[in-house]
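Structure record follows, encoded as C-alpha cells.
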Amino acid sequence: MEIRSHYSMRTTTCAPPFHPLSSTHREENDMGLAEKRKIKELQDVTFPERVKEIEEICGAAIPYEVDWNSLADDAEALNFIDNLSCHRLNMALRMICQDELGKEALRDGLKLVKLKNVADKGNMLIRFGGGVLEMHCAYALRTDGMYSDGEIRQVLEAGL
C-alpha cells in the first residue's frame, strides 16, 4: 500500500555501516566534521539500538537501510531522523504488536525499513510492499516533514 496526500512521499534505507569518509559515497568536501560525527553516531549507536527495540517489540530484528547520501550535507535532518522516523515507527509497531497475531504478522511481513531524506513535502513518500517499508521524509522540516505513527501503522496494517 502506498499513501500519498496532497504532497508526495518517499523512502530511504539504513543498512551496513556507511563510512562517511569513503570515496564511494560523497566527496569529503561535501560534508563537514559535525555531519560525519553525527552519521557515525547514528550508524554505530542509534540505529543498532532501534533495531534491538524493534526485536523487543515484535520478536524480530528488522534492519534499517538509510540513504546516507541524502542526509550527508543536512545537519538538521541528521538531528531529527531518529525521532521523526525510528521513534514513530516503534510507536506504530507497539500498536500493531499488542497481541500475538500482530507480532506474527510483522515478523512474517516486515523485513526491511528504508529511510531517505528529501528536500520538501512534495517529495515525501511512504509505502509498504514486498516486506519493505519505505519512508522518504523531509527531516529538516521537523514534524512538518514526517509521517505520524498512525499513518505508519495504517500503511503497515494494510500490507500485512
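Summary of computed values
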{"item": "Breaking point among (1) at pLDDT below 95; (2) surrounded by fewer than 15 Cβ atoms within 10 Å (Cβ to Cβ), for Ala158", "result": "(1)"}
{"item": "Pick from the range 52-73, criterion within 13 Å of the chain's Cα centre (by Cα) and over 19 Å from Met95 (Cβ atoms), ranking: surrounded by the fewest Cβ atoms within 10 Å (Cβ to Cβ)", "result": "Pro63"}
{"item": "Selection count, the range 57-85, where residues are farther than 13 Å from Ala138 by Cα and among the hydrophobic types (A, V, I, L, M, F, W, C)", "result": "8"}
{"item": "Verdict on Ile62 being in contact with a strand residue (DSSP E or B) (Cβ under 8 Å, 6 or more places away or on another chain) and assigned to a loop (DSSP other than H, G, I, E, B)", "result": "yes"}
{"item": "Cβ-Cβ under 8 Å pairs, at least 6 apart or on other chains, the range 90-113 side among the small types (Gly, Ala, Ser), far side outside any helix (DSSP H, G or I) and surrounded by fewer than 15 Cβ atoms within 10 Å (Cβ to Cβ)", "result": "Gly109/Gly131"}
{"item": "Single residue of the range 74-96 satisfying the filter (charged (D, E, K, R) and at pLDDT below 95) that is surrounded by the fewest Cβ atoms within 10 Å (Cβ to Cβ)", "result": "Glu76"}
{"item": "From Leu71, Leu125, Leu93, residue being in contact with a helix residue (DSSP H, G or I) (Cβ under 7 Å, 6 or more places away or on another chain) and within 14 Å of Ile152 (Cα to Cα)", "result": "Leu93"}
{"item": "In the range 109-160, residue farthest from Asn83 (Cα to Cα) [restricted to those that are hydroxyl-bearing (Ser, Thr, Tyr) and within 12 Å of the chain's Cα centre (by Cα)]", "result": "Tyr147"}
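The values are calculated or read from the model by the stated rules, or taken from the named source; none is laboratory data. All values reported here derive from a predicted model rather than from experimental measurement. Positions of Cβ are generated from backbone atoms using ideal geometry, with glycine treated the same way; all protein chains shown enter the neighbour counts.
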